[in-house]
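Contents: one structure, followed by commentary.
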Amino acid sequence: MSANTYYRVTAKRRSKDKAAVTVNTDKPDTHFSLESILAPLSVSEFFRDYYGKKFIHIQGEPGKFPDVMDFDSFARLLNMTSIWSAHSLEVVLDRARVDPRAYSVSAPNRDGQDVLKPDPDKVMDFLRQGASLVANDVDALTAGAAGIANALEQGLNVKTQGNLYYSWKQRQAFASHFDTHDVFAVHLVGEKNWRIYENRVPSPIRHDAFSVSAEFQEKNRGPVAAEITMRPGDLLYLPRGQYHDALASSEGTIHIAFSATGVIGLDFLAAMSDMVVGSEKYRLNFPRLEDGQDALKKHIEMLSAEFAKIATSQDFLDRFTQFQRDFHYKRGGIQIPAVGKDPLYERLVHDAQVARFQNGFGLYRGNNVTPIPPGFEKPVAWMLSRRTFTLGEMAEAFPGETPHSLNELLVQVRRMGLVDHAKKA
């Protein structure tokens, strides 16, 4: 098969006249996994044949995505007017975003600052004209949406953010375009026709280099590779760079597009920029112009060798592994009344030690050293001396430090890959 073949996985097809499942946003949690989201396609098949490679439409039953969103729950959220701004709630008409000033008024937000906030009467005027709504960052607003976002992050090691799209009257909200992140489109209400085009931009990212005009995208999208009708329970996966557009085909449709942004080479460079600070070679001045290009080349070669040495060190590998573990958003976690035990942490390494460094103390691993903020050398050494510990135990050991400062220190040490949450037995 060619790379542009239309792929589809089908579950038992349901009657078209079945309504979408009604949700209850009062439920505290809805469990999803990457397996349940992709079913009946297996996770191994998805990674082998599709992830980062080509699109796939997975048909499902209407009840596949419970507690995510329907008309009633979306209306309830929209009418919580204090949570919306012209940035988080957008109006789109005939493939163009409406100027926020046309549907908003200046009003105080929850922090008391004057911002543009959607005016319900003005929004309704646009909706009656066939406008679409885009509700950004809804991935924590219902139990189901949070469950899907958390499952995608855990299963893919990505950051996920969900935008809801409400369309009707067979109007196309956006022109043909590609996204700079993978898309998992979860269809919840109504029917929507998608067109997937043959062409794909290789690995685009959110950068000016990939900010192109609508005319450019329409010219470069290529011929239609597939036309797909999405119904409640369906999932559409689009790798980043895949050209597509969509058109509502029923009186009202809702889908949530979950973006998936992974760790890339630029994240590695950013992490290395923090690591090389500990190397004196990276703090030296470059040769003067009068020294000529031979001196410049020699200096760059010295930095390149040092770069490779640090990048392949166990210290950096541990830190970057922890960076990948922490590469996700936090949703929820607050329980009223407070319940649960103080989380247990465990030491991950045995070759790190605290010792004198310049006028203070540093954390040494091999030839790498990281300065320790003044006064925190003892808490760091304490953590590295324990097999397991809790934040409460550390607070008892260092009563002169505030719980906030110790927690911030623990966050930094976790990011360095030295400790982490203890694995369950």
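The values are calculated or read from the model by the stated rules, or taken from the named source; none is laboratory data. Since the structure is predicted, the reported quantities are computational estimates derived from the model, not experimental observations. Here the Cβ positions follow ideal geometry from the backbone for every residue, glycine too, while neighbour counts run over all protein chains shown.
With respect to Glu227, is the statement that it is surrounded by fewer than 22 Cβ atoms within 10 Å (Cβ to Cβ) and either without any contact (Cβ under 8 Å) to a residue 60 or more places away in the chain or assigned to a helix (DSSP H, G or I) (or both) true?
The answer is yes for Glu227.
Being surrounded by fewer than 21 Cβ atoms within 10 Å (Cβ to Cβ) and within 16 Å of the chain's Cα centre (by Cα) is the filter; apply it to region 180-193 and report the residue that is modelled with the lowest pLDDT.
Filtering first and then ranking leaves Thr180.
Having 1 or more residues that are free of Cβ contacts under 8 Å to residues at least 24 places away in the same chain is the bar; report the strands (runs of 3 or more DSSP E) wholly within region 296-367 that clear it.
352-357, 360-365
Looking only at region 204-217, decide whether some residue is within 30 Å of Gly147 (Cα to Cα), assigned to a strand (DSSP E or B) and either in contact with a Gly (Cβ under 7 Å, 6 or more places away or on another chain) or of a type in the set (A, V, I, L, M) (or both).
no
Condition first: touching a helix residue (DSSP H, G or I) at 6+ places or on another chain (Cβ under 6 Å), within 22 Å of Tyr364 (Cβ to Cβ) and not aliphatic (A, V, I, L, M). Now tell me which residues in region 394-413 satisfy that.
Phe398
Find the residue count for region 120-164, including only residues that are in a loop (DSSP other than H, G, I, E, B) and either without any contact (Cβ under 8 Å) to a residue 60 or more places away in the chain or farther than 18 Å from Gly332 by Cβ (or both).
Residues that pass the stated criteria total 6.
Against the conditions (1) in contact (Cβ under 8 Å) with a residue 40 or more places away in the chain; (2) farther than 21 Å from Val138 by Cβ; (3) surrounded by 17 or more Cβ atoms within 10 Å (Cβ to Cβ), where does Ser167 fall short? Just the number, please.
(2)
Which one is surrounded by the fewest Cβ atoms within 10 Å (Cβ to Cβ) among residues in region 249-275 that are of a type in the set (A, V, I, L, M) and within 26 Å of Ala39 (Cβ to Cβ)?
Per the criteria, the residue is Ala257.
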